[in-house]
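This report refers to the structure that appears directly beneath it.
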Amino acid sequence: MNTPQTASAAEYERLTREQTQLTRALREQGDNAAATAKLHAVTLRLREIRATPPAGYTLPKAAADLVAHAEAHGWLTLVEWTPEPGYEGDCEVFVTVQVGRRVVASDGYVGPGDRWVYKLTWHSRDCPPGRLRRFGAGHAVTPDYPAGGYAPSVRDISAVISTHPGAVASRLAAQ
């Protein structure tokens, strides 16, 4: 029987193999517009699959608020759930949230780095079903510290985002 979960798991496995093959082919053959376009499409579909939470789970409120705040201020966001769809049995559920943007000339920022990237993870270990809690210190790359280090709190990340909105948010505020 082919349920949506098994179909997603089979699609995920197929796309993962295809992504590996396309990446290898591009590395060996060099620039190929058709293969690059196909790799882009495969990567986008894999991101869509990874963005889907497992049954019974939703993004924690702090994570959802951070993603919404970042997007409202012109920052890029990425949400990835693990394990992959179709995994059966007792397992821990993880969700990783990344927010970031590049420094642009209009920021007037002078530092050794060229971006802000904050990566935070929540997990289900020792939590009731459907619940998640923050896992570890996270990782942060900033223009002042491009080598990276521990991420600050969600509140502090939100303050950085508010202080350094992206170009899209700046244009919207000016209208």
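Is there a residue in the range 114-126 that is hydrophobic (A, V, I, L, M, F, W, C) and surrounded by fewer than 19 Cβ atoms within 10 Å (Cβ to Cβ)? Looking through the range 114-126, none of the residues is hydrophobic (A, V, I, L, M, F, W, C) and surrounded by fewer than 19 Cβ atoms within 10 Å (Cβ to Cβ). Set side by side, the residues 151, 137, 159 differ, and just one is open to solvent by less than 80 Å² (accessible area, probe 1.4 Å), more than 24 Å from residue 16 (Cα to Cα) and either in a helix (DSSP H, G or I) or aromatic (Phe, Trp, Tyr) (or both), which is 159. Within the range 42-49, is even one residue assigned to a helix (DSSP H, G or I) and within 29 Å of residue 156 (Cα to Cα)? Yes - at least one qualifying residue is present in the range 42-49. When the residues of the range 41-70 are filtered to those that are open to solvent by 70 Å² or more (accessible area, probe 1.4 Å) and basic (Lys, Arg), the one that is farthest from the chain's Cα centre (by Cα) is 61.
Within the range 106-124, residues that are under 16 Å from residue 151 (Cα atoms) sit with their Cβ atoms under 8 Å from residues that are small (Gly, Ala, Ser) and outside any strand (DSSP E or B), at 6+ positions apart or across chains, in these pairs: 118/151; 119/151; 120/63; 120/151; 122/63. Just a yes or no: is a residue in the range 36-47 touching a helix residue (DSSP H, G or I) at 6+ places or on another chain (Cβ under 8 Å) and charged (D, E, K, R)? Checked the range 36-47: at least one residue is touching a helix residue (DSSP H, G or I) at 6+ places or on another chain (Cβ under 8 Å) and charged (D, E, K, R).
The values are calculated or read from the model by the stated rules, or taken from the named source; none is laboratory data. If you're wondering where the values come from, they're calculated on a predicted model, not measured in any experiment. Backbone-built Cβ (ideal geometry, glycine too); neighbour counts: all protein chains shown. When the accessible area is computed, the model is the full protein with side chains, heavy atoms only, and any ligands, DNA or RNA have been set aside. Shrake-Rupley method; radii C 1.70, N 1.55, O 1.52, S 1.80 Å.
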